[in-house]
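Notes for the one structure printed next.
The values are calculated or read from the model by the stated rules, or taken from the named source; none is laboratory data. The structure displayed is predicted, hence computed values, not measured ones. All Cβ positions, glycine included, derive from the backbone under ideal geometry; neighbour counts span all protein chains shown.
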Amino acid sequence: SAASTEPASLGPNAAAGPASPEPPPPPKLGPAARKDRLRGMLIVFVTFLATLCLAWWAKWKNTPVPAEPPAEPDPSAAVGFPNAVDAVATLPAARKRTPREVLRGIVLRGVKADGTVDVTQKGSEVRFVFQSRPGEGPQPPRDPEGRPNRPYCGKQVVKVKPEGLQEEKDETKYSCSSKGFEPLPEPRCGPKEVWAHAIAMKIPKDKPAQLEYYRAKAGPAWRFRIPGSRHRFSLYGDCERELKGLDEVGSVP
């Protein structure tokens, strides 16, 4: 019979062609490359951890510190309590009653010629005024939306009362002074030395005086006056010289 012109069947796998070669295995990392890879992963991990810590710290730093309520008065903390209180000697104990670190002034009423105050007498007062640097210390709570307030300096008064040494409620919304902020140093002299200057000026010592330790234009200063009289003067903080005119201008917050 005649030869067939149809191609012979090649089977189901005949058209598949040659098989594709398998991809080569990834090259093995040498010891140095493995060490570099591990070092890189460690750097990424440490950076991530540091970022988390920084974010936590920033949140903690920006969270307002609430003010603590006043504690009970302490009659043993004031030196000379209650009939002959020495304000300068009591200052260290007053500092311990408040978290605010900056001394801004001392106000004394009913100061006797020996420099002490009888806090049992009507009208007498021993008052220490403290503030914080801008944004430090107890701050007011944030608004309902959580936005931070502007930084406050706050104010807390510590008094020697007839019951003992006690702080008053902290004023967290007390603004910082627009005239600048410079802490008062520890007093270099005290009411006794101020009264000695008054006695040298022939000021009668039968009436109690009012004294203030404050920051004057010239620097730390003591102001002396006898209420209801013309007797008054201001001394520089070392009690060695009088201040006059603009040099004595200033007040206790």
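Take the conditions modelled with pLDDT under 95, of a type in the set (D, E, K, R) and closer than 19 Å to THR172 by Cβ and apply them to GLU101. Does it pass? No; evaluated as a whole, the condition is false for this residue. Inside the range 103-134, residues that are touching a Cys at 6+ places or on another chain (Cβ under 8 Å) and surrounded by fewer than 19 Cβ atoms within 10 Å (Cβ to Cβ) make up a count of 2. Note on the range 182-220: among residues that are part of a strand (DSSP E or B) and aromatic (Phe, Trp, Tyr), the one that is farthest from ILE106 (Cα to Cα) is TYR214. Only one entry of GLY180, GLY146, GLY137, GLY237 meets the criterion of being modelled with pLDDT under 95 and surrounded by 13 or more Cβ atoms within 10 Å (Cβ to Cβ), and that entry is GLY137. In the set (1) outside any loop (DSSP other than H, G, I, E, B); (2) out of contact with any Ser or Thr (no Cβ under 9 Å at 6 or more places or on another chain); (3) of a type outside the set (A, V, I, L, M, F, W, C), ARG223 fails one condition alone, (2). Of everything in the range 7-66 that is within 40 Å of the chain's Cα centre (by Cα) and small (Gly, Ala, Ser), the residue that is modelled with the highest pLDDT is ALA50.
In this structure, LYS96 does not satisfy being more than 15 Å from the chain's Cα centre (by Cα), basic (Lys, Arg) and surrounded by fewer than 18 Cβ atoms within 10 Å (Cβ to Cβ).
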